[in-house]
Amino acid sequence: MEDQDFWRLSGIDRDVYLYATKATTIKDYRAIADLENNYSDGLLNVSLELENTAKKAKGYKATVQLLDGDKELYSEEKEVIFNGNAAIVNFENSLKSIKTWNAEKPNLYTLLFLLKNKKGVVTEAVSSKIGFRKIEIKNNQFLVNGQPVLIKGANLHDHDETTGHVISKEVTLKDMEVMKRNNLNAIRCSHYPKNEFFYRMADKYGFYIVDEVNIEIHGMGTTNQGLDEDEEAKKIHPAYRPEWKAMHLDRTERMYERDKNYTSIVTWSLGNEAGNGENFFATYEWLKKHDATRPVQYEGATQYANTDIQAPMYATIEQTIEYAENDPKRPLIQCEYAHAMGNSVGNLQDYWDVIEKYDVLQGGFIWDWVDQGLKTKNEDGVEFYAFGGDFGASDLQNDNNFCLNGLVNPDRSAHPALYEVKKVYQYVKFKSNDPKSGKITITNKYDFTNLSEYNFTWKLFKDGIEVKAGNITDVAVAPYESKEFQIALPELTDEKAEYFLNIYATTKSADALIPEDYLLAYEQFKLTDFTPSVFELETSGLSVTNVDGTVKIKGEGFEVGFNSSDGSLTTLDYGQGNLIKNGPSVNFWRAPTDNDYGYNMPKRLNVWKEATETQNLTSFQLNSNDGKKVIDAVKLSKNPFKIKNDLQLTATYNLPSVQGEATVTYTINNKGDILVSTDLSNIKNSLPIVPRFGNNFIIDSAYDNVSWYGRGPHENYQDRNTSALVGSYNAKVKDLYFEYIRPQENGNRTDIRTLSFLNKNGKGIQISSSKLFGFSAHNQYNSDFDEGMEKQQRHTYDIPQRDLININIDYSQMGVGGDNSWGLLPHEEYQIKPDNLSFSFMIQPVK
């Protein structure tokens, strides 16, 4: 019954303790802090259960107090009358204009119970925090205090990088701090109840909690994964057998009894992936009988009656739309979605465009929060995070790195995907039909917070450089309301410049987990188009010779060389020595991500890897005079070739794996600019999709100062880049590498306008294109991150640090996907279809 997908670690994970009380004691209590009168007034119901194990217990009195700080709001004392050794004392009181609890404003009161003996001496005092809130499902919507909240959540396993399942308050606080700062408002306790302090902290800091029974029977089958129609499997499955009913109920009852008074728990969950037999109908009915204040959910019951919330896992966007448009009966909140394994969480914005369109769709919980890597050292003393199959267990049952599905690393540092989650989950929306006019509409998507609590600023950028900034004042927008604001933009005088307007929302003051002036929402508006550099066809002063198989082009202050036997660029010298180690080659491949392995990309798309590795030169020609003068580069002599009008070297390669052809043309002018054009031909549309299309080349490691004008600063891909604003950014090559625990494709940036690699003296190369392009750069080969046809238990310490800079300049790279990690490809709009594609970019000297 505890077949959860996580580390199987033996030992005692939680504190075990005994405590003693007096013979007459408060044994238990149930406190319901409800709302009435249009959610404005509080209704407090308290039931105290007392026990007496002494001979007599006469004259005892019980007092209930409700405090707001030091201020007493309510106090009542009642006589305790024992019936045998037990007594129940009930209290009820209405409170006008109560401060309500919700994830945005987690207002808590102190609830105090006093037990006094017949002499009036306090013999026992019990204190807890409580918030007034009302959870309902009305009109197929999940409501908190009458508002249809959107669940912006993640699943949380108990995991510490060194202590495993033993979780401290400090780690829990760190989790909640990082979540709050990235706009998460909900946590699903996957797949067992948490430490008691977890709920007290969730009450205090404001999270909507799904508390889940410690039941998972995945290995014996589960509904929605084949069990529904498998009658033979049901015969031996614990969820369906009567002798297991008591065990299901026991775990459910213990969760409820321990956790029933925590305000932050808004939903009970029957368990996870455990079938849906009679025993789950019994636990559902038990919870409904004992708690009328919270709904009950269960993913295994999406096709059955014993769930109040439709809580599927990994429903695609199309499936959620189909549900919303076909007479839905329950609110849909995905218990798991956006599988964050490795380089993942693509198309999250697309999910939320749909979620925010349909009232019945109310968000979900990303799978999951933290990579479950365990910190250890290899034989050489190098620290790394271990996963399934490590610790000498490679020959034992393990699931490789399927415990590494987090938005954060084991130390709680962010994956690049977390920045996308923050952006997509943000509560403030910015729209404009005419951003050049400075008219911006701001919409408040908070449920209980006025935007007057935030500062709003704007910045105007010209070609990536800030040229103007200002404040947007008096943004007092109520929840669900919108208001248009006028920004006094200056005149955009440079017709050739690209202008962007960025809007930012930051906190005016600090709260418990978010500091003052902290960025929580932002948007970018493009005002004018980018004007790319134009390649100039001036060739005067150039000379071309063939010396010992190397075609040399010389001009003032530079020399370019090509290997005439394979057509590759071998020399690029702008006065600082040759910076080229390997010239541009046509590249169709990326190191497989975890999602790629999930749909068997190394086998299904392997022809493109072969097309990258096997390219046979069929011709290498020198062209001039608008193509009227053509010569085989191999036949070129030491005598200078006469150039007229233009100079092109064209290498044509046969790609046997796809039965196509790639032509790479180098057009060179007398400034040393090189236009690299790649054209594919004879590419059949029956071929599989293309992982990427672009050029890969390697330069000297001295040119490790990278500047780019495009999306950044963090790693981004075409289906995960709404969080990465267009701007001017700088980094060292080594810092462009994101170290996923299992090595894979990483470090990409999209929508690049210009890119430069400079040495310490500020000299090097600039790369640009007539169209937006992607790039990545590493001190490793692409192949260093590629485990091949199957995963090979590789780790971060297996990745070498090489004395080179490996550059990818891409027409495009397909998206990373993230709907799941076991079969689904990136969405079609983020794929590269096989076609006769063309791409060009320009290399220019920076002197």
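The values are calculated or read from the model by the stated rules, or taken from the named source; none is laboratory data. Just so it is clear, the model here is predicted, and its values are computed rather than measured. Positions of Cβ are generated from backbone atoms using ideal geometry, with glycine treated the same way; all protein chains shown enter the neighbour counts. The area values use the complete protein model at the heavy-atom level, side chains included, leaving out ligands, DNA and RNA. Shrake-Rupley method; radii C 1.70, N 1.55, O 1.52, S 1.80 Å.
For the reader, a short list of remarks on this structure follows.
- Contact order relative to length of region 147-292, as percent, for alpha carbon pairs under 8 angstrom and 6 or more apart: 25
- Between residue 792 and residue 197, the contour length at 0.36 nm per residue exceeds the alpha carbon distance by 210.2 nm.
- Relative to the dominant Cα principal axis of the chain, helix 278-290 is inclined by about 60°.
- Using only side-chain charges placed at the Cβ, +1 for Lys and Arg and -1 for Asp and Glu, the dipole size of the chain relative to its Cα centre rounds to 1660 debye.
- For the chain, the longest principal axis of the alpha carbon atoms and the long axis of helix 416-425 meet at an angle near 60°.
- Within region 466-487, backbone nitrogen closer than 15 Å to the virtual label 7 Å beyond the Cα of residue 437 toward Cβ: 483-487
- Carbon-plus-sulfur accessible fraction, the chain (probe radius 1.4 Å, protein heavy atoms only): 46%.
- Hydrodynamic radius of the chain per Kirkwood, over alpha carbon pairs, in Å: 30.5
- Peptides 788-800, 719-731, ordered by how many other C-beta atoms sit within 10 Å of their residues on average, highest first, read 719-731, 788-800.
- Residue-averaged [θ]222 nm for the chain, counting only DSSP H segments that reach four residues, each worth -39500 (n - 2.57): -3500 deg cm²/dmol
- Under a 5 Å amide H cut-off, with hydrogens placed 1.01 Å from N, residue 581 pairs with 698, 699, 700 among residues at least 5 apart or on other chains.
- Cα gyration tensor shape of region 687-812, rounded if a/c is under 1.5, else prolate or oblate by comparing a/b with b/c: oblate
- Charge dipole magnitude, Cβ of K and R +1, D and E -1 - region 141-297, Cα centre, debye nearest 20: 680
- Relative packing of peptides 109-117, 709-717, 427-435 - highest average C-beta neighbours within 10 Å first: 709-717, 109-117, 427-435
- Of all lysines in the structure, the ones whose alpha carbon falls short of 16 Å from that of residue 118, not counting any fewer than 8 places away in one chain, are 22, 55, 56, 58, 61, 78.
- Dipole of the chain, positive end: most advanced residue of 647, 427, 93 [Cβ charges, Cα centre]: 93
- Each other residue within a Cβ distance under 13 Å of residue 766 adds +1 if Lys or Arg and -1 if Asp or Glu, for a net charge of +3.
- Probing with 1.4 Å while keeping every protein chain in the model, the per residue accessible area of region 706-829 equals 34 Å².
- Gain in span if fully extended, residue 534 to residue 54, counting 0.36 nm per residue against the direct Cα distance: 163.3 nm
- For region 739-805 and region 77-115, distance of Cα centres in Å: 60
- Proximal charge balance of residue 207 [Cβ under 12 Å; K/R count +1, D/E count -1]: +1
- Difference of contour (0.36 nm per residue) and Cα-Cα distance, residue 481 to residue 619: 43.2 nm
- Angle between the chain longest axis and helix 245-259 axis [Cα atoms, degrees, rounded to 10]: 90
- Counting only lysines at least 8 places from residue 791 when in the same chain, those with an alpha carbon closer than 27 Å to its own are 375, 377, 603, 609, 734, 833.
- Cβ-placed point charges (K, R +1; D, E -1), dipole of region 660-749 about Cα centre in debye, nearest 20: 180
- The mean accessible area for residues of region 340-400, using a 1.4 Å probe and ignoring ligands and nucleic acids, is 41 Å² per residue.
- For GluC sites (Glu not before Pro), the sites in region 445-486 that DSSP calls loop and that have at most 15 other Cβ atoms within 10 Å are 481.
- Based on Cα contacts under 8 Å between residues 6+ apart, the chain shows a relative contact order of 9 percent.
- Prolate/oblate/rounded call for region 1-50, Cα gyration tensor, a/c under 1.5 rounded: oblate
- Selection from 576, 801, 393, by position along the positive dipole direction of the chain (Cβ): 576
- Most positive-pole-ward Cα, 449, 470, 221, against dipole of the chain from beta carbon charges: 470
- Region 459-574, accessible area per residue, ligands and nucleic acids excluded (1.4 Å, Å²): 51
- Net charge in the neighbourhood of residue 831 (other residues with Cβ under 12 Å of its Cβ; Lys, Arg +1, Asp, Glu -1) is -2.
- For the pair region 393-453 and region 123-170, the centres of their Cα atoms are 19 angstrom apart.
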